[in-house]
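The values are calculated or read from the model by the stated rules, or taken from the named source; none is laboratory data. Just so we're clear, the structure is a prediction, and the values are computed from it rather than from any experiment. In this analysis, Cβ positions are derived from the backbone assuming ideal geometry, glycine residues included, and neighbour counts consider all displayed protein chains. The accessibility values were calculated without ligands, DNA or RNA, using every heavy atom of the protein model including side chains. Shrake-Rupley method; radii C 1.70, N 1.55, O 1.52, S 1.80 Å.
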Amino acid sequence: LELDAPMDDIAVMPLAEGNPQPKDTVEIVGYGITSAGGLDAGIKRQKAVIVESVDEHVIHIEPSAPGITDGCQGDSGGALLREEEGKTVQVGIISYVYAGCTSTHAVSIPSWRPWIDETVALLAARTK
């Protein structure tokens, strides 16, 4: 995507340096429904959730109640945030939520940092 004019007045969300650990608290941000079959999508919501596990590229969110993970259909593409050294950073991007809103999973940004940093540097070099 290339814009006609620069957007210099927009702050870029800082990216996390490392993955969260199981039992860490993170914030899920999205515009999805709040329950399976719900009709309340389109409203930005944010909620603290607990990391269940982290594998090579995915952060898995612990259910907050039996069968409920606080992420639901429509939250994909939303942010997973945490506090790091006194500032809010993005640690993940919500990738998928299983049907019934029973399981939420985010792509780990720290796992992809080498590729992200390389791509941003290449794009920056192209615009000079």
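A few comments on the model shown:
- Taking the criterion of being open to solvent by 80 Å² or more (accessible area, probe 1.4 Å) and either among the polar types (S, T, N, Q) or in a loop (DSSP other than H, G, I, E, B) (or both), the residues of segment 70-128 that qualify are GLU85, TYR98, THR127, LYS128.
- In segment 49-69, residue most open to solvent (accessible area, probe 1.4 Å) [restricted to those that are of a type in the set (Asp, Glu) and in a loop (DSSP other than H, G, I, E, B)]: GLU56
- Among the residues examined, ILE43 does not qualify as touching a residue at least 24 places away in the same chain (Cβ under 8 Å), assigned to a loop (DSSP other than H, G, I, E, B) and more than 16 Å from the chain's Cα centre (by Cα).
- Residues located in segment 95-127, provided they are at pLDDT below 95 and among the aliphatic types (A, V, I, L, M): VAL97, ALA99, ILE116, VAL120, ALA121, LEU122, LEU123, ALA124, ALA125
Results for (1) loosely packed, with under 15 Cβ neighbours inside 10 Å; (2) touching an Asp or Glu at 6+ places or on another chain (Cβ under 6 Å), shown as yes or no for each residue.
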position	(1), (2)
LEU1	yes, no
ALA5	yes, no
ASP8	yes, no
VAL12	yes, no
LEU15	no, no
ASN19	no, no
PRO22	yes, no
THR34	no, yes
GLY38	yes, no
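- ASP75 fulfils the conditions (1) without any contact (Cβ under 8 Å) to a residue 40 or more places away in the chain; (2) of a type in the set (D, E, K, R); (3) touching a strand residue (DSSP E or B) at 6+ places or on another chain (Cβ under 8 Å) except for a single criterion, (1).
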